[in-house]
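The values are calculated or read from the model by the stated rules, or taken from the named source; none is laboratory data. A quick note: this is a predicted structure, and the numbers were derived from the prediction, not measured. For neighbour counting, all protein chains shown are included, and Cβ atoms are generated from backbone atoms with ideal geometry for every residue, glycine included. Heavy atoms of the whole protein, side chains included, go into the accessibility calculation; ligands, DNA and RNA do not. Shrake-Rupley method; radii C 1.70, N 1.55, O 1.52, S 1.80 Å.
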Number of protein chains: 2
Amino acid sequence: MHASLPTSPTDAAAQIDWTANGIETELGWSLALMFHGYSRAGSVAVADVPGGPRGYQVLVAITTEEPTSQLALAHRLGIDKTAMTYIIDALETDALVERRPDLRDRRIRQVHPTEAGHALLRTARVALRTVEDALMGGLSADEQTQLRQLLAKAALGTGATAASLPDTNSDLNLPVPAPERSRRRPQPTTETETRP
Amino acid sequence: MHASLPTSPTDAAAQIDWTANGIETELGWSLALMFHGYSRAGSVAVADVPGGPRGYQVLVAITTEEPTSQLALAHRLGIDKTAMTYIIDALETDALVERRPDLRDRRIRQVHPTEAGHALLRTARVALRTVEDALMGGLSADEQTQLRQLLAKAALGTGATAASLPDTNSDLNLPVPAPERSRRRPQPTTETETRP
DNA sequence: CAGAGATCGTATCAGTTTCAGATCATCTCA
DNA sequence: TGAGATGATCTGAAACTGATACGATCTCTG
């Protein structure tokens, strides 16, 4: 184990010997570190968002895309469908989202943002950007942009395909409120009324 | 919700509207998808490595760096120290690593690779590279290299600082090598007696 | 030198997350 | 019409994570 690590992030990449097959050349290593770093810091930054980073992502998706089912949302975000139920429960409890029936398919609950949801998202976004900047502090502004774009591109490519299989695992670790068992949700009466 | 992903990876980045604040522009989203994709596919690829991807990373680190303590290794890899114990247990059970006492500090167990460990690592590495190529299939070869390097650089920079807090109040700056404390001279012949 | 405080690896426990599967209502299709 | 599939929710169990305790050992200070 080689002793001292560079104190200057700029030296970091320069010190990586890409021919030595060391841990720093392992994609899995850097992905894990970045991801866990993001989860940890992100959880703090969006602590007031039910569901933490995952709840935040739900808000992002539903405020920028067409209303859709919980299941599709789960796929889109790479979140387990069961966990998605609980995340939306939490968001709904805080009046940040509303579940509405899909008129064309009564199995589906569409997820809609409330005004409060929009507002919280705005502040949460700012907080997260700060965290992200810190996380990528070792990179220049250009490099940060580049990393964002490459990651997104990779995620949208084969990466995302593999990741967004049905009922995928999710490891964003902010605690979702523990489910209260035997808590079958009452069927909203207004929903039954809107039967076509 | 436009759920369908582009079939041509080349179109992916072209379709991302970086001004719309959609989910695809979220670093947390792409990080999560990539990380989970890696974990899932990587677990399959290194299924015969005890501890999966994490066990693999242990092998990488101990075969390329100086012998060090489990704790330092845990920090280096961003793994919880308790989990590290179990991972090494598993690796040791399969005779892929050996724990040896550190002559200068009898609390420390250094982790050494065996020949079998080296051999398994070689095949595991090949399998993982295949997985990684698939994961980054949406990127050109240059882009893949770029992503690897940027991620590593970010991980080694501030990112890693935030990530390497597996041990609660660890104030350490990145996984630290074995402490450079003023070491006492080795205790003669105490070695065999300290074996647990 | 003695003792306080810190550290390392391991054990233990509890809470959280993940996963698989069941259920009910609803939809699709032959 | 009915079989098979689907979406949301529920349930139980396994896996994971994190906190903490503990014994052995180390470091440092008076």
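Toward the positive end of the charge dipole of the range A:32-169, with +1 on the Cβ of Lys and Arg and -1 on the Cβ of Asp and Glu, the farthest Cα among A:Ala32, A:Gln110, A:Thr130 is that of A:Gln110.
Inter-chain Cβ neighbour count for B:35-46, averaged per residue, equals 6 (cutoff 10 Å, partner chain atoms only). For B:Lys81, the lysines whose Cα falls under 28 Å of its own Cα, not counting residues fewer than eight places away in the same chain, are B:Lys153. Solvent exposure of the range A:32-169 amounts to 38 Å² per residue of accessible area, where only protein heavy atoms count and the probe is 1.4 Å.
Taking amide H as placed 1.01 Å from N in the peptide plane, B:Ile108 has its amide H under 5 Å from the amide H of B:Asp102, each at least 5 places away in sequence or on another chain. Placing A:Asp94, B:Asp89, A:Asp102 in order of accessible area, with the largest value first and a 1.4 Å probe, yields A:Asp94, B:Asp89, A:Asp102.
If you model the range B:46-176 as an ellipsoid using its alpha carbon gyration tensor, with each semi-axis the square root of five times an eigenvalue, the axes come out at 26, 21, 11 Å, biggest first.
Look at the stretch A:137-149: the mean tally of other chain Cβ atoms within 10 Å of its residues' Cβ atoms is 5. If you take the beta carbon distance between A:Asp105 and B:Asp17 as r and set R0 to 41 Å, what does 1/(1 + (r/R0)^6) give as a FRET efficiency, to the nearest 0.05? Between A:Asp105 and B:Asp17 the formula returns 0.90.
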